Amino acid sequence: MSQMNQSQQPKTIITVLKCLKCSYMVERPFKEGDFVLKIDGTCPNDGSPLYIWGIYAKSLVEKK
Ligand SMILES: [Zn+2]
């Protein structure tokens, strides 16, 4: 009997950034040293600092 040994599903860690002033929100791949509420980058709309709002894992496999 042969068994399919499925390897781990590829996952990517996503960091969600939000502007302190407006409702601008952006996602980017997680970088080492990221943590929630860290200030990272500036808003393209008003130049305000962006803070890390959340970090989550996202599966790369999308089935439609
Ligand atoms: Zn903004």
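Descriptive notes on the structure:
- In this label model, LYS31 and VAL61 are separated by 3.1 nm, measuring between points 7 Å along each Cα→Cβ vector.
- Residues whose amide H lies under 5 Å from that of TRP53, counting only those 5 or more places away or on a different chain, are VAL16, LEU17, LYS18, LEU37; hydrogens are built 1.01 Å from N in the peptide plane.
- R0 of 35 Å, Cβ-Cβ distance ASP46-THR12: FRET efficiency to nearest 0.05: 0.75
- Of the residues CYS22, ILE39, THR12, the one whose Cα sits farthest toward the positive end of the charge dipole of the range 11-59, with +1 on the Cβ of Lys and Arg and -1 on the Cβ of Asp and Glu, is THR12.
- Surrounding net charge for PRO49, when Lys and Arg each add one and Asp and Glu each subtract one, Cβ distance under 13 Å: +1
- Eligible lysines near LYS58 by straight Cα distance, threshold 26 Å, same-chain separation 8 or greater: LYS11, LYS18, LYS31, LYS38
- Couplings 3J(HN,Hα) for the range 36-46, derived from phi with the Karplus relation 6.51 cos²θ - 1.76 cosθ + 1.60 (θ = phi - 60°), are 4, 6, 5, 7, 8, x, 10, 6, x, 7, 10 Hz, where x marks Gly and Pro.
Read the figures in this text as sums done on the coordinates, not as results from a lab. Here the structure is a predicted model, which is why all the values come from computation and not from measurement. All Cβ positions, even for glycine, are placed from backbone atoms using ideal geometry, and neighbour counts span all protein chains on display.
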